[in-house]
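Have a look at the structure below before the remarks.
The values are calculated or read from the model by the stated rules, or taken from the named source; none is laboratory data. It should be emphasised that the depicted structure is a prediction, and the values quoted were computed from it without experimental measurement. A quick note on method: Cβ atoms are made from the backbone with ideal geometry, for glycine too, and the neighbour counts reach across all protein chains shown.
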Amino acid sequence: MEVSTEKSKIMVNRTTNTSADITMSGNKLEDVISFKYLEATLSKDGSSTDEV
């Protein structure tokens with residue numbers, strides 16, 4: 001399996017201001033505060049919102 005470092009992002013799921021430095025193939029992955037997964041938006045603080 002080949003993983004694209006350009007498309008990969010990370011999110012630390014915490015209520016405090018915490019970040020992580022994760023690298024793949026020498027490239028640091030982007031740290032985001034929210035992302036869409038299975039029609040829902042997941043947030044860094046652990047909350048989620050459904051898309052209608």
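Kindly list the number of the only condition in (1) of a type outside the set (Phe, Trp, Tyr); (2) at pLDDT below 75; (3) surrounded by fewer than 11 Cβ atoms within 10 Å (Cβ to Cβ) that fails for Lys7.
Only one criterion in (1) of a type outside the set (Phe, Trp, Tyr); (2) at pLDDT below 75; (3) surrounded by fewer than 11 Cβ atoms within 10 Å (Cβ to Cβ) is unmet by Lys7, namely (2).
In region 21-31, which residue that is surrounded by 10 or more Cβ atoms within 10 Å (Cβ to Cβ) and part of a loop (DSSP other than H, G, I, E, B) is modelled with the lowest pLDDT? It would help to see each step written out before you state the result.
Going through region 21-31, the residues surrounded by 10 or more Cβ atoms within 10 Å (Cβ to Cβ) turn out to be 22, 24, 27-31.
Filter again for part of a loop (DSSP other than H, G, I, E, B), leaving 22, 29.
Numbers: Ile22: 85, Leu29: 88.
Among those that are surrounded by 10 or more Cβ atoms within 10 Å (Cβ to Cβ) and part of a loop (DSSP other than H, G, I, E, B), it is Ile22.
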